[in-house]
1. Where is the GNM fluctuation largest for the chain (alpha-carbon springs, 10 angstrom cutoff): ILE208, ILE177, ILE137?
2. Please build a GNM for the chain, connecting alpha carbons under 10 Å apart, and tell me which residue among VAL228, VAL54, VAL220 fluctuates the most.
3. Please check the chain for the longest run free of GluC sites (Glu not before Pro) that are loop-located per DSSP (anything but H, G, I, E, B) and have at most 13 other Cβ atoms within 10 Å.
4. Could you give the distance between the Cα centres of segment 108-139 and segment 1-57, to the whole Å?
5. Please check: in the Gaussian network model of the chain (C-alpha springs, under 10 Å), which one of ALA102, ALA234, ALA147 has the largest mean-square fluctuation.
6. Translational diffusion coefficient of segment 128-258 at 25 °C, 0.890 mPa s, Stokes-Einstein with Kirkwood Rh over Cα pairs, in µm²/s as a whole number.
7. Subtract the Cα-Cα distance of ASP18 and LYS2 from 0.36 nm times their separation in residues, and report this length gain in nm to one decimal.
8. Where a ≥ b ≥ c are the square roots of the eigenvalues of the C-alpha gyration tensor, would you call segment 1-121 rounded, which needs a/c under 1.5, or, failing that, prolate if a/b is larger than b/c, or oblate?
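Laboratory data are not the source of any read-out in this text; all were calculated from the coordinates shown. Remember, it's a predicted structure, so these values are computed and weren't measured experimentally. Note that each Cβ is placed from the backbone with ideal geometry, even for glycine, and that neighbours are counted across all protein chains shown.
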Amino acid sequence: MKRFVIFGNSYQRGDITDVLELIRHLETRGVEVAVERDFYDYLSAKQQALDLPVFEASEVPDADMALSLGGDGTFLTTVMWVSKQGMPILGINLGHLGYLTAGNLDRRGNVIDDVLAGNYRIEERTMLQVSCDATDISHPWALNEVAILRHETSSMLDMETTLRGRELTTYRGDGLIVSTPTGSTAYNMSVGGPILEPTTSCLVLSPISPHSLTMRPLVVRDDSEIEVRTHSRATHYELSIDGEVTLCPTGSTLTIKRASYCARVVQLLGNNFASTLRQKLLWGTGQQGQQ
């Protein structure tokens, strides 16, 4: 590998020196690095100005791999900017949990060395694409989930839902989550949805506080096109795409489907789904984790 592009955020945990050491470690291994502008400005403010190539997030240069330095939020942001190019994404956790990341800052050298030695695999993760018939959405792609939510009101939402062109049901409640397998351990899990192995070919529809005991989470094929027309006494509802919120007018219709490309997530060979559940969700320990 010859070139990495690096993304991060300004909420790093610990001494920023560790981040700079990681960048220097890449350079000593003969890897060219370029840093996203906002993250570069943050690092430079903490240290003297860095002598590194810089790029804008909206104009990511060609590279062999994207490096996400942070938690799951940083990883999702990196996915948004680079996945359409088919670029693999390596996450190193500097945040709280880092469910999506391959390693943590304490193992930074080992993680980089493993990747440069080819001791990794790439998992292709389903992404979602959403459109609204009444509002333009600037970034309509999600790795975790698309969520329909109430907006500053106690009014219940009625969400007329069709699945592959056929009437499914009208969900009544506080909202509805359409989750990928990757996102099944995020918002979906917090409302009682099932945990899915992240490379499975399915989606989950999970109602939020449904006003009917028969409304349970539903697993469907990931080639399913889902349409949701939302009604409420309020004038707008919220559309959350991996946490990025857009207001949509009541009565509008959302179309949610599998995106035409996947997120290519780098996993070290020692990492697997079962160990991730034990280590990061703390299965069997009497404690609880959250993405």
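1. Of the options given, ILE137 has the highest mean-square fluctuation.
2. Its mean-square fluctuation being the largest, the pick is VAL220.
3. 60-151
4. Using only Cα atoms, the two centres lie 19 Å from each other.
5. In the Gaussian network model the winner is ALA234.
6. Reported coefficient: 171 µm²/s.
7. This chain segment gains 3.6 nm when fully extended.
8. rounded
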